[in-house]
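Worksheet for the structure shown next.
The values are calculated or read from the model by the stated rules, or taken from the named source; none is laboratory data. Keep in mind that this is a model prediction, so the values were computed, not measured. Every residue, glycine as well, gets a Cβ built from its backbone with ideal geometry; the counts of neighbours run over all protein chains shown. SASA here: full protein model, heavy atoms, side chains in, ligands and nucleic acids out. Shrake-Rupley method; radii C 1.70, N 1.55, O 1.52, S 1.80 Å.
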Amino acid sequence: MDKKTLSHDGTPIAYEHSGQGPAVILVSGAMSTGGTVAPLAVPLSERFSVLVYDRRGRGESGDTAPYAVAREVDDLAALIGAAGGEACLFGVSSGGALVLEAAASGLPVRRVAVYETPYADFLDGGAEQNAEYTESLTAALSEGRSGDAVELFLRLTGMGEEMIRGARNSPMWPGMEAVAPTLAYDNSAMAGGLVPRERLASVTVPVLAVAGGASPGWMREGTRAVADAAPTGSYRVLEGQTHMVDPAALAPVLAEFFAR
């Protein structure tokens, strides 16, 4: 990241800028930095001024306690200011919950797109699973058990025990433990893990909710529910795509939506 802006509470937020045109800000999900969405910035920067950033507590950005979702909304406000005062927002996975909250908060946003924000309304036992995860995650982080916190998250995503053991022994594990405290940030942004229908009803800008055709049915239905809850929401399925969406498949859809 070659640039920094200061959030309202003084936290430095690191970002990169590429391209020219209307501003688009890309927001990553849990256990990730701006580098995760950077490949998507490449095709989008052919038509847009694209900002990719490290969310607070990750990468080259700072952090300030105590955490609040409103502070991450302030981070986006600072980035929108750096981008010229108005922007479109895209959030992947739990990053989608953050951009939807930013739009509901009244930031100067033109359009909002999300990819598979993992609301569990249509997952059997999803609400109970999220409540258990929140309780266990809070305990693990408060006791300094970062590795256990990462394991909890990986299980929540459906990763098997053998793969989790392999991850623990991989060179990536120390980096995963380093950002483990931010799992609580994403969990807060997800606000219980169910579609925030009342909050979405207050979003006055167009919302595009995208899901992968090869993703689980509950993920697609949750994504559709986001579009249904927003007054000017639309729903799109990318055939053959999973939660790990190919930027080459997603970028044209986002470009068409943001260019309207």
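Residues that are assigned to a helix (DSSP H, G or I) and open to solvent by 30 Å² or more (accessible area, probe 1.4 Å) were ranked within segment 200-233; the one that is nearest to PRO108 (Cα to Cα) is ASP228.
For segment 234-260, filtering for residues that are open to solvent by less than 70 Å² (accessible area, probe 1.4 Å), part of a strand (DSSP E or B) and within 23 Å of ARG199 (Cβ to Cβ) leaves 2.
Note on segment 76-101: among residues that are in contact with a strand residue (DSSP E or B) (Cβ under 8 Å, 6 or more places away or on another chain) and more than 21 Å from GLY19 (Cβ to Cβ), the one that is most open to solvent (accessible area, probe 1.4 Å) is SER93. Within segment 27-43, is there a residue that is open to solvent by less than 20 Å² (accessible area, probe 1.4 Å) and assigned to a strand (DSSP E or B)? Within segment 27-43, one or more residues are open to solvent by less than 20 Å² (accessible area, probe 1.4 Å) and assigned to a strand (DSSP E or B).
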